[in-house]
Amino acid sequence: MQSTHLDCYTNGARRFNVAFIVAALILARLASAADSGAPLALFEAVRLADAQSPAIAARRAAMESATDAITPAGALPDPQLIAGVDNLPVSGDDAFSLTRDFMTMRKIGVMQEVTGGEKRRLRAARAQAAAAREAALLTSEELSVRESVARAWIACATAEQKVRLLHELEPRAQTEVAAAAAALSSGRGSAADGIAAKTAQAMLADRISQAEREAEDARSEFVRWLPEAGERPLGDAPDWGVLGRDPDSLVADAAHHRQLLAYDAAEQMANSEVALARAEKHPDWSVEFDYAQRGPHYSNMISLEFRVGLPLFAGSRQDPAIASKQAAVAQLAAEREDARRMHTAELRKTVAAWRSARERVARYESELVPLADARAEATLAAFRGGRSDLQASLAAFDQVVETRIAMAELRGSLGQAWAALHFAFPQERQP
């Protein structure tokens, strides 16, 4: 009876655990579904890309590999086990006998190469510089991925905004058609006016179709970076007109551009290579200890040997190697300066593009778009009142379309310039 009660209790506990797990899974799926429909802000997309980018994962693995190589780089080589036979006869009555000839010895020993302490220190320093270089390349890759994701987000937002702006004009196009029909009914207009109004309406529909295709292309590029979250609706955009620091200071700070981060460590590696090439003029040495066993009628023997390299031909061996490493240092310095100049010029152009786009977007928002809208409304009212023809109204409507498209593209250009400047430097150099 007691066992039956215990079984009932156990089965009930199991059912409760299963029900709890199922409920937890359902809640997790519901939460995931809710998150999948939440607007995706730009900086959230950047954070997701940091965690999901294969390029960043590859760079992290490379940095871990270089870090793990530091300790072995400064260690002595592994000892070597030696085993063999010395003085084995190959002719006569004692041929191939290991015990009959007094000179035959079965030998076992150990040998250790001893690398100089300075060389080991320099090798460890070179490995540390390699790890630092990989860390710098990781930072550069992270910033590059963040910029690419931000650019894709901005391109997607720009394309979708263009679609929205054009859809907002559909009622106006319908109004133009209705006005042309009303004028024709009253005898003031012609059939050509109606055809022209419908043509303008069809052209707007074609513009919308083109903009929708561009939005799909932009979304496809965005999904490339975020396969799981890329289909979520986009959140509000940051203020592209605010960089967070003086734009001119970015140009002055060009030496710390993300593409130049690895040069410091690369130059340290190159200088370590020069020092190691010079250290080759100081030879390493090795020690070997052997124990040799002879036949039962002869005594066993031990051997102790030291070997030292003889760098007697430095002029044709070590010196050219030193010169080669020094030339590599000079090459790196020249490449670094060339890269600094190139990125300085790019930053200047990007800052100029950002300033120009910021001013033009402000002008479009405050003047050009409102003026185009006002002109379109005025010409349409004049046409309805018989004070103007339909062609003037359609021309004003077409100007509204072009102005809105230009404003959307300018906002995209402003955002692209903002992304290029915002992610050009490590975050610790941002204010």
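The values are calculated or read from the model by the stated rules, or taken from the named source; none is laboratory data. Just so you know, these numbers come straight off a predicted model, no measurement behind them. All Cβ positions, even for glycine, are placed from backbone atoms using ideal geometry, and neighbour counts span all protein chains on display. To get the accessible areas, we keep the full protein, side chains included, count just its heavy atoms, and leave off ligands, DNA and RNA. Shrake-Rupley method; radii C 1.70, N 1.55, O 1.52, S 1.80 Å.
Here are a few things to note about the model shown:
- Modelled spin-label separation between Arg60 and Glu337, with each label point placed 7 Å from Cα along the Cα-to-Cβ direction: 3.9 nm.
- For the chain, a simple Cβ point-charge model (Lys and Arg +1, Asp and Glu -1, everything else neutral) yields a dipole of about 360 debye relative to the Cα centre.
- Rounded to the nearest 20 debye, the dipole size of segment 226-316 about its Cα centre is 660 debye, using +1 on the Cβ of Lys and Arg and -1 on the Cβ of Asp and Glu.
- Estimated FRET transfer efficiency (Gln391, Gln259; beta-carbon r; R0 45 Å; 0.05): 0.25
- Choice from Ala152, Ala353, Ala330 showing the highest fluctuation, given a GNM over the chain with Cα pairs closer than 10 Å: Ala330
- Centroid-to-centroid separation of segment 224-256 and segment 149-177 [C-alpha atoms, Å]: 22
- Kirkwood Rh and Cα Rg combined as Rg over Rh, evaluated for segment 151-281: 1.38
- Taking a ≥ b ≥ c as the square roots of the eigenvalues of the Cα gyration tensor, segment 53-195 is prolate, since a/c reaches 1.5 or more and a/b is larger than b/c.
- Cα shape, segment 230-272, gyration tensor, a/c 1.5 rule: oblate
- By the rule of a C-alpha distance below 26 Å, with chain neighbours fewer than 8 residues away ignored, the lysines paired with Lys119 are Lys281, Lys325.
- Simple rule: put +1 on each Lys or Arg Cβ and -1 on each Asp or Glu Cβ in the chain, find the dipole, and look at Ala180, Asn87, Ala406; the Cα lying farthest toward the positive end is Ala180.
- Take every DSSP beta bridge whose two residues both sit in the chain; close to 95 percent of them are antiparallel.
- Part-to-part distance (alpha-carbon centres) for segment 333-391 and segment 59-81, which is given in Å: 56
- What the Cβ-Cβ distance of Met301 and Thr67 gives, at R0 = 51 Å and to the nearest 0.05, is a FRET efficiency of 0.60.
- Most fluctuating residue given options Glu147, Glu335, Glu160, as computed from a GNM of the chain linking Cα atoms under 10 Å: Glu335
- Surface share of carbon and sulfur [accessible, 1.4 angstrom probe, percent] for the chain: 56
- Vicinal HN-Hα couplings computed from phi for segment 230-247 (Karplus, 6.51 cos²θ - 1.76 cosθ + 1.60; Hz; Gly/Pro x): x, 8, 5, x, 7, x, 5, 7, x, 7, 5, x, 10, 8, x, 7, 5, x
- Candidate values [x] 375; [y] 140; [z] 178, label of the one derived for volume of the Cα convex hull per residue in Å³: [x]
- Mean ellipticity per residue at 222 nm, deg cm²/dmol - from DSSP H runs of n ≥ 4 across the chain, formula -39500 (n - 2.57): -23500 deg cm²/dmol
- Most mobile listed residue (Leu368, Leu98, Leu347) in the chain, GNM with C-alpha springs under 10 Å: Leu98
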